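The values are calculated or read from the model by the stated rules, or taken from the named source; none is laboratory data. All values reported here derive from a predicted model rather than from experimental measurement. Quick reminder, even Gly has a Cβ in these numbers, built from the backbone with ideal geometry, and neighbours come from all protein chains shown.
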Amino acid sequence: MPFAMVTSLGARRLARTAGILLSAALLGGLVAGASRPGAVVKDDTFLDAGTPGVLNIEAGECFDDPAYDIAFAGVIVVYRPCVEGAQNQSYGFVQVPDGAWDEARLREYAWDGCRRAQARRWPAGDPGVSLYPVLPTAETWADGDRTVMCVRYRPTGRLSPADTR
């Protein structure tokens with residue numbers, strides 16, 4: 001009988017250990033699920049002309065969000081081929097009329113211009129894909145920069161190659 005009792009205790013310990021591990025795994029999954037970021041909303045402050053690497057991106061090219069680069073020793077925007085599923089795609093540029101630096105006017109002009117450019121390129125719309133403009137900074141404006149980059153992205157993740165047509 002003592003052997004049966006040990007087996008029974010061993011089985012209970014095993015069941016208890018399995019239950020604890022399962023509970024920990026489920027709790028860990030809930031915590032991980034709760035801490036996952038939801039939709040990412042990018043606006044005209046997400047990137048600007050002063051963000052390293054952004055001025056190397058041409059219309060139609062894709063790139064990932066700024067990240068630390070060891071070789072650069074800083075945060076930089078890096079080109080990524082669109083077929084690899086990038087986080088952003090530059091779909092055009094808007095030229096802002098010359099004038100004094102007026103940030104509010106610039107923002108309004110940039111959003112309007114990028115929305116019109118998107119409507120021309122994707123007349124039927126593109127569900128699930130959003131846009132944001134990359135603006136000149138006061139410093140680049142003083143140097144003559146009047147170009148706004150129009151960028152599209154998917155708030156819930158990467159753009160697929162089909163998104164970047």
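So that you can scan it fast, the table gives a plain yes or no per residue for (1) of a type in the set (A, V, I, L, M, F, W, C); (2) surrounded by fewer than 15 Cβ atoms within 10 Å (Cβ to Cβ):
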| site | (1), (2) |
| --- | --- |
| Arg105 | no, yes |
| Arg116 | no, yes |
| Arg121 | no, yes |
| Thr140 | no, no |
| Gly144 | no, yes |
| Val151 | yes, no |
| Pro155 | no, yes |
| Ala162 | yes, yes |
| Arg165 | no, yes |
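Can you tell me which of Val83, Val77 is in the same structural domain as Asp145 (by TED's automatic domain parsing), at pLDDT 95 or above, under 30 Å from Ala142 (Cβ atoms) and in contact with a helix residue (DSSP H, G or I) (Cβ under 6 Å, 6 or more places away or on another chain)?
The match here is Val77.
Scan segment 121-148 for residues that are in a loop (DSSP other than H, G, I, E, B), touching a residue at least 12 places away in the same chain (Cβ under 8 Å) and not aliphatic (A, V, I, L, M) and jot them down.
Asp126, Gly128, Pro136, Thr137, Asp145, Arg146, listed by residue number.
Looking only at segment 79-99, how many residues end up being in contact (Cβ under 8 Å) with a residue 24 or more places away in the chain, in a loop (DSSP other than H, G, I, E, B) and crowded, with 17+ Cβ neighbours inside 10 Å?
4
So which residues in segment 45-78 are under 22 Å from Ala117 (Cα atoms), touching a Ser or Thr at 6+ places or on another chain (Cβ under 8 Å) and surrounded by 17 or more Cβ atoms within 10 Å (Cβ to Cβ), if there are any at all?
Asp48, Ala49, Ile57, Glu61, Cys62, Phe63
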